[in-house]
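Everything on this sheet refers to the single structure shown next.
The values are calculated or read from the model by the stated rules, or taken from the named source; none is laboratory data. Keep in mind that what you see is a predicted model, and the values were worked out from it rather than measured. Here Cβ is always computed from backbone atoms with ideal geometry, including for glycine, and neighbour counts include all displayed protein chains. The accessibility values were calculated without ligands, DNA or RNA, using every heavy atom of the protein model including side chains. Shrake-Rupley method; radii C 1.70, N 1.55, O 1.52, S 1.80 Å.
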Amino acid sequence: MKTIYLLGILVMMQSCNLLNEKAEITPLQNPLTTPSSSKNSTPPENTTPPKEEDSEIVGNTKYTYEERKDIAYGSDELQKYDLYLPKITEGGAQTKVPVIVLFHGGNWSEGDKSFILPMVEYLKQKNLRCAIVNANYRLTFKSGVTYREQLDDIRAIINKLSGEAGSLNIDPKFFLMGISAGGHLALLYSYTSNSNGAVKAVGGIVPPADLTTPDIRQGRMDTDITKLVGKPFEGNLEEYKNASPYFQVKSNATPTIVFYGGKDTVVPMAQGTAFNNKLIDLKVPHEYKIYQDQGHEWSVLPETLDFTISFIDKYM
């Protein structure tokens, strides 16, 4: 997750302009990845590129977005989010729009919403008929913060936005999307805490799914997962299952889209394979994208966010 926090977002900054020929994002150069690495990446297996002309959430005209930064949803300094509200008027009335909520990566213990601003900018440039939320959450470097508190933060964000839906002119239907650690939290919340059905779909890029497997509890990841759960693995298997989307997903789970890399040594592709099989067995509506040449740094491919937008289109 540290890798995705430090490197993957820089590559995303470089690659976002490839996602849409009309985009005008100024690319940032990542000295650790050559430009050709994203241009020549192998497409995901068993996929068909989405057709934008069939979309109901991608607008035909350029929208402007009202930006509201660092909105507090709790008393902690990290409990803040940025909100982007599209101005869409149809028939003389402001159109209510659903909400995309984004969560950064960083081993659950570091990172910041500023590092996924390229995702926000790309989604804005696609003229999505959605509000966009870019959220921080409490991190496990703070005493007493585990995944439970981080799920509480997601709940607080959704509750605050739902409570203000009228004044914000939003439709309180949510798509949660995260990178790495953020993807893990988005999945876990959707599978365990979505009792009111407000979350309509969820997505993750290289999200850890099963925290009980030895292949993911290696090196620093082992330390970070221990902090996340709040207990060591030995003697606490059920606690680790409670923190794992793989074990919490049920047959009535939120529709899910996930992306994994064949060369990822932080979140091995075996996590995605097992997770995909579980979703198949439970008949959960989902899409599973494998990029065989990608590692955890995830040099963002043109299709990644486009596939996500197409998926949102089906369920929002």
Exercise. Can you tell which of 289, 283 is in contact (Cβ under 8 Å) with a residue 24 or more places away in the chain and either within 17 Å of residue 185 (Cα to Cα) or out of contact with any strand residue (DSSP E or B) (no Cβ under 6 Å at 6 or more places or on another chain) (or both)?
Worked result: 283
Seminar exercise, completed: For residue 206, the lone unmet condition from (1) at pLDDT below 95; (2) of a type outside the set (Phe, Trp, Tyr); (3) on the phi > 0 side of the Ramachandran plot; (4) surrounded by 21 or more Cβ atoms within 10 Å (Cβ to Cβ) is (1)
For this session: Kindly provide the set of residues from the range 277-316 that are modelled with pLDDT under 95 and at positive phi, ordered by number.
Result: 298
Exercise. Are any of the residues in the range 265-282 small (Gly, Ala, Ser) and open to solvent by less than 10 Å² (accessible area, probe 1.4 Å)?
Worked result: yes
For this session: From 138, 155, 148, grab the single residue that is among the charged types (D, E, K, R), under 28 Å from residue 241 (Cα atoms) and buried (at least 19 other Cβ atoms within 10 Å of the Cβ).
Result: 138
Exercise. Tally time: how many residues in the range 231-241 are in contact (Cβ under 8 Å) with a residue 12 or more places away in the chain and under 19 Å from residue 187 (Cβ atoms)?
Worked result: 2
Problem set entry | Tabulated pairs, the range 65-80, first under 21 Å from residue 167 (Cα atoms), second assigned to a strand (DSSP E or B) and open to solvent by 90 Å² or more (accessible area, probe 1.4 Å), C-beta under 9 angstrom, 6+ apart or interchain | 80/69
Seminar exercise, completed: Reported set for the range 225-258 where residues are under 30 Å from residue 309 (Cβ atoms), open to solvent by 40 Å² or more (accessible area, probe 1.4 Å) and in contact with a Lys or Arg (Cβ under 8 Å, 6 or more places away or on another chain) is 246, 247, 251
For this session: Answer yes or no: is there a residue in the range 166-182 that is free of Cβ contacts under 8 Å to residues at least 12 places away in the same chain and farther than 14 Å from residue 78 by Cβ.
Result: yes
Exercise. Among strands (runs of 3 or more DSSP E) lying entirely in the range 11-130, which contain 2 or more residues that are closer than 21 Å to residue 168 by Cβ, open to solvent by 60 Å² or more (accessible area, probe 1.4 Å) and modelled with pLDDT of 95 or more?
Worked result: 65-72
Problem set entry | Hey, residue 251 of a type in the set (Gly, Ala, Ser) and either farther than 30 Å from residue 170 by Cβ or touching a Ser or Thr at 6+ places or on another chain (Cβ under 7 Å) (or both) or not | no
Problem set entry | Failed item in (1) open to solvent by 40 Å² or more (accessible area, probe 1.4 Å); (2) within 19 Å of the chain's Cα centre (by Cα); (3) over 14 Å from residue 249 (Cα atoms), with residue 174 passing the rest | (1)
